[in-house]
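The values are calculated or read from the model by the stated rules, or taken from the named source; none is laboratory data. Computed from a predicted structure; not experimentally measured. Glycine also receives a Cβ, built like all others from the backbone with ideal geometry; neighbour counts cover every protein chain displayed.
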Amino acid sequence: MRWARQRRQSTIESRLPWWPFAAINGVSAALPPDPVVFEFGGGGSTLWLADLGAQVTVAEHDREWFEVLRQQLGDTAETLLSEPATAGTIGSVKTPGNFFDDYVGLIAAQPDERFDLVIVDGRARVECGLAAMPKIRPGGILLLDDSHRPRYEPLWQALSGWVRTDYRGLKIGSNKVAQTSTWVKPGS
């Protein structure tokens, strides 16, 4: 079993997303050749996408993790750092007192309908997902990791006209069942 062999590896060592294996397979099958990807919160998924030949832009809020990613990625991806601020309007349950307005705004500079895939797996996930919606091309995918969390319901509602697929299963490095969901933008 692939999960049993890789469950002790870090996401960087495995060079795989920290999603249920069914999500990895589903996204891989749905991506076009040479996909254009934006990722909020990088890691093994960023390396996996770079290995697939994707053009990846990754936004990170943690300076130490940003440096790890940059070292691993070299020039195979564009890495953007936006550390949290002490004031703002977009907070995060995981880090009270930190604000992520600039982090969420990193995708705003990108052209509309540019991305084949946007991954939301960092801080302020609802706001990141909402900001990403116009940046995804018709037929493109928005992926939300840990999508089972009730606090993400505003994003689920905003995506109600998109085709949703839920992937449940074990993740690398965990023995807990998790859920990752994808939504395909209509109009392709």
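For the reader, a short list of remarks on this structure follows.
- Only residues that are of a type in the set (A, V, I, L, M, F, W, C), in contact with a strand residue (DSSP E or B) (Cβ under 7 Å, 6 or more places away or on another chain) and either loosely packed, with under 12 Cβ neighbours inside 10 Å or assigned to a helix (DSSP H, G or I) (or both) were counted in the stretch 67-119, giving 3.
- Within the stretch 169-181, the presence of a residue that is at pLDDT 95 or above, surrounded by 14 or more Cβ atoms within 10 Å (Cβ to Cβ) and either closer than 13 Å to L130 by Cα or charged (D, E, K, R) (or both) is excluded.
- For first residues located in the stretch 157-179 and on the phi > 0 side of the Ramachandran plot, partners that are part of a loop (DSSP other than H, G, I, E, B) and crowded, with 18+ Cβ neighbours inside 10 Å and lie 6+ apart or on another chain with Cβ distances below 7 Å form the pairs G169/P20; G173/W18.
- Among the residues of the stretch 33-65, the ones that are touching a residue at least 12 places away in the same chain (Cβ under 8 Å), in a helix (DSSP H, G or I) and either out of contact with any Gly (no Cβ under 8 Å at 6 or more places or on another chain) or among the charged types (D, E, K, R) (or both) come to 9 in all.
- When the residues of the stretch 17-32 are filtered to those that are modelled with pLDDT of 95 or more and assigned to a loop (DSSP other than H, G, I, E, B), the one that is surrounded by the most Cβ atoms within 10 Å (Cβ to Cβ) is L31.
- Per the conditions (1) charged (D, E, K, R); (2) touching an Asp or Glu at 6+ places or on another chain (Cβ under 9 Å); (3) farther than 20 Å from S82 by Cβ, the sole criterion not satisfied by D166 is (2).
- Selection within the stretch 134-165 - surrounded by fewer than 16 Cβ atoms within 10 Å (Cβ to Cβ) and either over 21 Å from V37 (Cβ atoms) or of a type in the set (V, I, T) (or both): H148, R149, P150, R151, E153, P154, Q157, S160, G161, V163
- Residue check for A4: modelled with pLDDT of 95 or more and assigned to a helix (DSSP H, G or I): no
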